[in-house]
Amino acid sequence: MFSLHIDTAATWRGGQSQVRYTVLGLRARGHRAALVADPQGELFRRMSEGLDLIPLAPRNEVDLAAAWRLSRVLKQLRPDVVHAHDPRGVAMAATALSIAAPRPKPALVASRRIEFAVARNSFSAWKYSQVDCFLAISRAVRDRLVADRIPAARIEIVHEGVDVERIVALPHGNLHAALFLPTHAPVVATIGALVAQKAHHALIEAAALVVKQVSDVRVVILGEGELRPQLEKQIKHLHLERHVFLAGFRADVLELLKDIDVFALSSTHEGMCTSLVDAMAAEKPAVATAVGGVPEVLADGETGYLVPPRDTEALAARIVQLLKDAALRRRMGSAGLDRARRLFTVERMVQETADAYERVTVRLRLQKRDLPA
C-alpha cells in the first residue's frame, strides 16, 4: 500500500506528532509512505532526513496554485491513498484530485482530530463530500461528524497512539532542578498550548484552592501560546507567583513528566489528548475534564478522576485527594500504564490505519466494479 500524507501546519503540536508516527510506522511495516508538508514547518524539519518528502503548503483554504502543484505530484507518484491530516490539507487534496486525478483515482482519507462542528459553507460541504473515509480519533469526534451529516459508513475510529515503551525507558527528569522548585515540593503539571481550548485559567483558579490545603504545591504549565500575557496577569492577580509557573515549550517534556506527582487537564474541548496518554505511560495519575474523547482515555476512579469542565472546585478537590495519598497515586499510575499499553500504542494506531486503508480501497474497487458500463 502506497500512501501520500498531507499536513499543512507550520507549528508542532499533537497532530504533527501523530503524522510523524503514522508515516514512520507505515514505512517500518514495509509500506511506502510519502509526506507533503510546509517547508518552513517543524514537521518538515523533523522529517527532513527521510525519503519521499515534498515541500508544499497552501497559503489559504482555497489555494488553486498549491492544489495544481499537488495534482502534478499525484500524477507522478500515483499513490493508492491520499491521507489529509488537517482541514486545509483536505481542501488541497480534494481540489487537486478534481483538477487532474491519476487513474486509478486514489482513495481520499481524512483524519479528524477535533470535536468542533464542520464548517457550514458550500466549499466545506464540497471538500468533505470528496472524502472516502474519515479517521476519527475518538467516539466523540465520530459522533460530531455524524451530527454534521457525514455518513457513519464513511467513518472509522482510530485512537491516537504514543510511543509507550520509549516513555517507560526514558530517564527520570528533574523538573525541580530545571525550574528551581523546592526539592520536595509536590508538583501538578499539564502540557498544552496556551490557547482558549485548554482553559489553563481554570487550572490556575483551581491552584488557588489547592494551595490552601497543600501549601507547598507547585503547578507547572508546559507549553507556549497566545494567552501567555493573560495567564501571567491572572497568576499575579491571585498572588500565585510562588506556586504557578508557565514553563514554556520544553524539548525534554516527557522526561520532566516523570518527575511530577499529578497530571491535570482543564480543557473545554478535546478530540482525545495524547498528552494524557503520555502521562499514563509515565505512570502518573490524572485529573481531567470529562470532555470530548477524554473519557475514552481516562478510566474514572481507576487511572485518575474525571471532573466537569469549568468546575474549578471539583478539579481542586481531586488534585488535593491525590496529592495527599501516595499509595493511591502509585496504584492509579500503574493502572494508567497498563491501560496505555493495551489501548494507546503507536503500533496499534498504525496497524488500524493500515487496515482502514485496505478496507476503503477494497470498497472503492467493488463500487467501481458494480457501476453500469
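With all pairs of separate Cα atoms included, the stretch 56-213 yields a Kirkwood hydrodynamic radius of 19.2 Å.
Put a plus charge on the Cβ of each Lys and Arg, a minus charge on the Cβ of each Asp and Glu, and nothing anywhere else: the dipole of the stretch 164-343 about its Cα centre is then about 220 debye. Taking trypsin sites (Lys or Arg not before Pro) across the stretch 221-329, the ones in a DSSP loop with at most 15 further Cβ atoms lying within 10 angstrom of their Cβ are Arg242, Arg310, Lys324. Take every pair of alpha-carbon atoms less than 8 Å apart whose residues are at least six positions apart; their mean separation over the length of the chain yields a relative contact order of 15 percent.
Dipole check for the chain: with +1 at the C-beta of Lys and Arg, -1 at the C-beta of Asp and Glu, and the Cα centre as origin, the magnitude is about 1060 Debye. Look at the dipole of the chain built from charges on Cβ: of Ala327, Val141, Ala119, the Cα furthest out on the positive end belongs to Ala119.
For the chain, modelled as a GNM whose springs connect Cα atoms under 10 angstrom apart, the maximal fluctuation among Met47, Met92, Met272 occurs at Met47. For the chain, modelled as a GNM with alpha-carbon contacts under 10 angstrom, which of Pro87, Pro151, Pro229 fluctuates the most? Its mean-square fluctuation being the largest, the pick is Pro229. Going toward the positive end of the dipole of the chain, with +1 on Lys and Arg Cβ and -1 on Asp and Glu Cβ, which of Tyr305, Ala288, Ala96 do you reach last? In the chain, that residue is Ala96. The residues Leu323, Leu4, when put in order of fewest to most other Cβ atoms within 10 Å, stand as Leu323, Leu4. Summary value for the stretch 164-343: 25 percent relative contact order, contacts being C-alpha pairs under 8 angstrom separated by 6+ residues. Expressed as an acute angle from 0 to 90° and rounded to the nearest 10, what is the orientation of the C-alpha long axis of helix 87-100 relative to the principal long axis of the chain? In the chain, helix 87-100 runs at an angle near 10 degrees to the longest axis.
For the chain, what class follows from the C-alpha gyration tensor (a ≥ b ≥ c being the square roots of its eigenvalues): rounded when a/c is under 1.5, otherwise prolate if a/b is larger than b/c, else oblate? Prolate is the answer for the chain, as a/c is 1.5 or above and a/b outweighs b/c. The Rg/Rh ratio for the stretch 164-343, using Cα coordinates for both the radius of gyration and the Kirkwood hydrodynamic radius, is 0.92.
What's the angle, to the nearest 10 degrees (0 to 90), between helix 200-211's Cα axis and the longest principal axis of the chain? In the chain, helix 200-211 runs at an angle near 20 degrees to the longest axis. Dividing the summed -39500 (n - 2.57) terms of all DSSP H runs of n ≥ 4 by the residue count of the chain sets its mean residue ellipticity at 222 nm at -13500 deg cm²/dmol.
Read-outs throughout are calculated quantities, based only on the coordinates presented, and are distinct from any laboratory measurement. For clarity, every value in this text was computed on a predicted model and none was experimentally measured. Ideal geometry is used to build each Cβ from the backbone, glycine not excepted, and the neighbour counts take in all protein chains shown.
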